[in-house]
Amino acid sequence: MAPTPPTLGAPRETRGAPREPMPKLLMLPPQSPKTREWAARVKAGVPGLEVVVAEDAAAARAAIADADCAFGTLPADLLGQAKRLRWLQAPQAAPPAGYYYPALVQHPVVVTNFREIYNDHIGAHIMAFVLAFARDFHRYLPQQARREWKPAPLDTGVVHLPEATALIVGVGGIGAEAARLAAAFGMKVLGVDARRKDVPPGVAELHPPEALDTLLPRADFVILTVPHTPATEGFMNRARFSKMKRSAFFINIGRGKTTRLDDLGAALRAGEIAGAGLDVFEQEPLPADHPLWSTPGVLITPHTAGFGPYLDERRFEILLDNCRRFTAGQPLRNVVDKPAWF
């Protein structure tokens, strides 16, 4: 469950006192045609908000002192100069490591992000991996490249999904959508989540993170959707892969640093698991000489699970909505638990 969105409150007027200036949104550099367009649309859509577009670091330094809110990546030196900052909109759903540095975590500024915009696209990507493994495509795609016609023996190489179990680690928006789709194929879905208390549609069982090791042996597909946080860095390691079924498949579309690739490769070579579908990696791009490229049973996509239409407009809609909420003193959307990074 996400943190309770705080109510920041719009500036108030005191009877007889000078009128306070309207709150100021600082668009932090670097800029692009898209962020400049967003700034113009926010200015038109939120008349009670001043919008400043900082084209470079010098302009950001000049504007940060009296900025009430900001969009983008805020360096520590600028945070130290911010006197009024109450809200920061992160430019990604899960910003890279280093975005939530200690001073930002300790500062009272509220941070929001762009989560929930990828649910449908990444849910479909997850199911593409599941269906590919269930129908033995990880065997036939390499054969196609070699022009080989070698069907597996009859009734082998197939996972019958109505008899299969998916373990989804991270049942937020993406995980919940993947659960809905997996259940539609008849799969039993187990969920693990650090926050969620309500059980979303399609999930048969919802467990806390402490239950992960007891759930891994039950799953035919282990699907990671979790962000990179201090708690998840490297948590999928050799010991955990060894707990999975030898016939099970591992899928990661969350963040690469949650999974030790050397441990995954060792587990695959040892036959401890049957295959892996990977969209994210500890190092990106995945080096051309990395053994996973040629490891049997591995399907790789180059961090494209979130690709799909409407993403920029979904980002803007969250920014615009939060700007309106901020100026009206209403709770913000997608508030981040800063120590946890999401």
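What follows draws every value from the coordinates through simple rules; no lab data is involved. These figures come from a predicted structure and were not determined experimentally. Glycine gets a Cβ as well: all are built from the backbone with ideal geometry, and neighbour counts include every protein chain shown.
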- Item | Sites Val158 and Arg324, calculated FRET efficiency, Cβ-Cβ separation with R0 45 Å, nearest 0.05 | 0.30
- Karplus couplings for segment 83-95 from phi (6.51 cos²θ - 1.76 cosθ + 1.60, θ = phi - 60°), rounded to Hz, Gly and Pro as x? 9, 10, 5, 10, 8, 10, 8, 5, x, 9, 5, 9, x
- Item | Fewest-first ranking of Ile273, Ile168, using other Cβ atoms within 10 Å as the exposure measure | Ile273, Ile168
- Task: Please give, to one decimal in nm, the separation of the simple spin-label points placed at Glu116 and Glu20, each 7 Å out from Cα toward the Cβ.
- Result: 2.7 nm
- How many percent of DSSP beta bridges within the chain run antiparallel, rounded to 5? 5 percent
- Query: What distance in nm separates the simple spin-label points at Leu311 and Arg246, each placed 7 Å from Cα in the Cβ direction?
  - Reply: 4.0 nm
- Debye log10 I(q)/I(0) for segment 79-173, one point scatterer per Cα, at q = 0.12, 0.15, 0.23, 0.25 Å⁻¹: -0.65, -0.79, -1.20, -1.29
- The long-range amide H neighbours of Arg84, using H built 1.01 Å from N in the peptide plane and a cut-off of under 5 Å, are Ala67
- Could you tell me which of rounded, prolate or oblate describes segment 119-300, using a ≥ b ≥ c as the square roots of the eigenvalues of the alpha-carbon gyration tensor, with rounded for a/c under 1.5 and, failing that, prolate when a/b is larger than b/c and oblate otherwise? oblate
- Between Pro21, Pro217, Pro331, find the one with the highest GNM mean-square fluctuation for the chain; connect C-alpha pairs within less than 10 Å. Pro21
- Item | Spin-label zone in segment 213-249 - amide nitrogen under 12 Å from a point set 7 Å from the Cα of Thr295 along the C-beta vector | 237-238, 241-242
- Item | For the chain, alpha-carbon Rg over 2.2 N^0.38 Å | 1.14
- For the chain, which DSSP H helices look membrane-span-like by this rule: Cα extent along the axis of 15 Å or more and mean Kyte-Doolittle of at least -1.0? 119-134, 173-184, 311-328
- For segment 252-342, evaluate the Debye formula with one uniform point scatterer on each Cα (no solvent term) and list log10 I(q)/I(0) at q = 0.18, 0.19, 0.26 Å⁻¹, rounded to two decimals. -0.87, -0.92, -1.30
- Task: Just name one of Leu320, Ala204, Ala128: the one whose Cα is farthest towards the positive end of the charge dipole of the chain (beta-carbon charges, Lys/Arg +1, Asp/Glu -1).
- Result: Leu320
- Item | Extended-chain gain in nm, criterion 0.36 nm per residue less alpha-carbon gap, Glu210 and Val105 | 35.3 nm
- Item | Net charge dipole size for the chain [Lys, Arg +1 and Asp, Glu -1 on Cβ; Debye, nearest 20] | 380 debye
- Note on the structure: When Ser242, Ser294 are arranged by how many other beta-carbons sit within 10 Å of their Cβ, fewest first, they go Ser294, Ser242
- Message: From the helices alone, meaning DSSP H stretches of at least four residues, give me the mean residue ellipticity at 222 nm for the chain, per-run term -39500 (n - 2.57), in deg cm²/dmol to the nearest 500.
- Response: -8500 deg cm²/dmol
- Message: If the reach is capped at under 25 angstrom between alpha carbons, list the lysines near Lys83, excluding any in the same chain fewer than eight residues apart.
- Response: Lys24, Lys43, Lys338
- Largest fluctuation, Leu167, Leu215, Leu78 only, Gaussian network model of the chain with Cα springs under 10 angstrom, belongs to Leu78
- Item | Sorted by Cβ density within 10 Å, fewest first, the residues Arg135, Arg196 | Arg135, Arg196
- Query: What's the extension gain from Ala184 to Gln81 if we count 0.36 nm per residue and subtract their Cα-Cα distance?
  - Reply: 31.9 nm
